[in-house]
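The structure appears below as structure tokens.
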Amino acid sequence: MRLKSPTNEPISFGTSNGSGHSMVLGPEGDDVPQMFIQSAFAAGAIPAEADADEFVSAPKATFEKTDQELIQNAIKTMLERNDEGDFTAGGLPNRKKLSALVGLNVSAEDLTIAWTALNEAL
């Protein structure tokens with residue numbers, strides 16, 4: 001069976017029985033002996049006549065927010081809802097309530113950075 005690497009980078013694989021045999025496939029493809037077929041597919045090889053785009057998907061874009069963005073957004077939520085206990089007597093956000101809202105442990109330093117950034121943005 002003729003297989004190839006789905007990208008411009010070569011892939012390497014060996015037999016699963018531990019015999020020590022190995023093979024490298026590039027994007028141009030090659031005939032793969034039967035003893036390597038399973039390992040080749042497991043390594044990501046595709047049929048030589050196939051279009052790689054059918055098999056390789058683009059990495060999913062992640063739009064994760066940084067911890068600071070999460071903390072600042074949570075502080076904004078606390079300001080908008082103004083629930084009892086959201087803020088200390090000194091006017092700072094309550095770290096315990098903020099941590100619960102954000103879903104992670106907010107340090108005093110992270111709180112100070114986020115609070116300062118929000119106040120400077122006003």
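Each reported figure results from applying straightforward, stated rules to the coordinates on display, with no laboratory input. Small disclaimer: the values here were computed from a predicted structure and weren't measured. Note that we place each Cβ from the backbone using ideal geometry, even for glycine, and neighbour counts take in every protein chain shown.
Kirkwood hydrodynamic radius of the chain, from the reciprocal of the average inverse Cα-Cα distance over all distinct pairs: 18.8 Å.
Charges were assigned to the Cβ only: +1 to each Lys and Arg, -1 to each Asp and Glu. The resulting dipole of region 2-54 about its Cα centre is roughly 300 debye. Note on the chain: Lys pairs 8 or more places apart or on different chains, Cα atoms under 21 Å apart, count 5.
Near the amide H of Phe87, within less than 5 Å, lie the amide hydrogens of Asn94, all on another chain or at least 5 residues away, with H placed in the peptide plane. Within the shell of other residues whose beta carbon sits under 14 angstrom from the beta carbon of Glu109, the net charge comes to -1, with Lys and Arg scored +1 and Asp and Glu -1. Using Cα pairs closer than 8 Å and at least 6 residues apart in sequence, work out the relative contact order for region 2-54, in percent. Value for region 2-54: 46 percent. Taking 0.36 nm per residue of sequence separation and removing the Cα-Cα distance, the Phe41/Ala121 pair yields an extension gain of 23.5 nm.
Mean separation of Cα pairs under 8 Å and 6+ residues apart, divided by the residue count of the chain: what relative contact order is that in percent?
So the answer I get is 20 percent.
In terms of its C-alpha gyration tensor, region 67-121 comes out rounded, because the ratio a/c of the largest to the smallest axis stays below 1.5.
Here's the picture: charge each Lys and Arg Cβ at +1 and each Asp and Glu Cβ at -1 in the chain, and of Trp115, Ile46, Ala89 the one pushed furthest to the positive end of that dipole is Ala89.
Shown here for region 32-122: GluC sites (Glu not before Pro) in loop regions (DSSP other than H, G, I, E, B) with at most 10 other Cβ atoms within 10 Å, namely Glu49, Glu64, Glu84.
Beyond 12 Å, what percent of the Cα pairs of region 2-54 remain? I get 56 percent for the Cα pairs in region 2-54 exceeding 12 Å.
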